[in-house]
Amino acid sequence: MAQAVNNFTLTGHISKKPEIRETKNGKKYSFVTIAVNGLNKDQADFISVILWEKLAENTVKYCGVGDCISVHGSISTVTREKVTNLQLTGDVVTFLHKAAKKEEKKEETPANPMEEFSDPFAPI
């Protein structure tokens with residue numbers, strides 16, 4: 001009989017700035033929301049993955065919105081207030097590439113053709 005494996009791998013772009021949070025016991029964590037292609041290529045699915053401790057700290061420190069990452073982890077169920085949800089927990093994060101930063105364009109003021117004639121006493 002085949003052994004059941006509980007894991008996932010997601011590759012996509014961070015869609016929301018990750019932030020460090022702490023549990024009541026002081027354990028650090030972060031939720032990372034990753035945009036991945038859906039079944040319909042024109043739409044994205046936004047999937048939230050929880051990262052713990054040093055993995056969360058490094059991801060928050062080195063990654064931002066638009067950066068491409070790959071996350072490998074496991075799936076579990078969590079029950080809160082009588083509602084059961086799936087929870088994706090990341091075990092390994094690979095930083096693939098940074099988002100392309102848009103360069104701020106300076107608006108160049110057009111040269112004033114009358115500038116050289118601004119001195120009324122200049123010879124013509």
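The values are calculated or read from the model by the stated rules, or taken from the named source; none is laboratory data. Remember, predicted model here, so these are calculated numbers, not experimental data. Note that each Cβ is placed from the backbone with ideal geometry, even for glycine, and that neighbours are counted across all protein chains shown. Side chains are part of the model used for accessible areas, which takes the heavy atoms of the whole protein and leaves out ligands, DNA and RNA. Shrake-Rupley method; radii C 1.70, N 1.55, O 1.52, S 1.80 Å.
Worth a mention:
- Farthest toward the positive end of the dipole of the stretch 25-88, out of SER48, ILE69, ASN25, is the Cα of ASN25, where the dipole comes from beta carbon charges about the Cα centre.
- CYS63 accessible area, 1.4 Å probe, all protein chains in place, Å² to nearest 10: 20
- Listed residue pairs exceeding 22 Å between alpha carbons, taken from LYS16/LYS82; LYS28/LYS61; LYS24/LYS98; LYS16/LYS61; LYS16/LYS98: LYS16/LYS82; LYS24/LYS98
- Loop GluC sites (Glu not before Pro), the stretch 4-89 (other Cβ atoms within 10 Å of the site Cβ: 15 or fewer; DSSP): GLU19, GLU81
- Extension gain, ASN7 to HIS72, is 22.7 nm, computed as 0.36 nm per intervening residue step minus the present C-alpha separation.
- Whole-Å semi-axes of the ellipsoid equivalent to the stretch 1-72 (Cα gyration tensor, √5λ, descending): 23, 19, 10
- About the centre of its Cα atoms, the stretch 1-63 shows a dipole size close to 220 debye [charges on the beta carbon of Lys, Arg (+1) and Asp, Glu (-1) only; nearest 20 debye].
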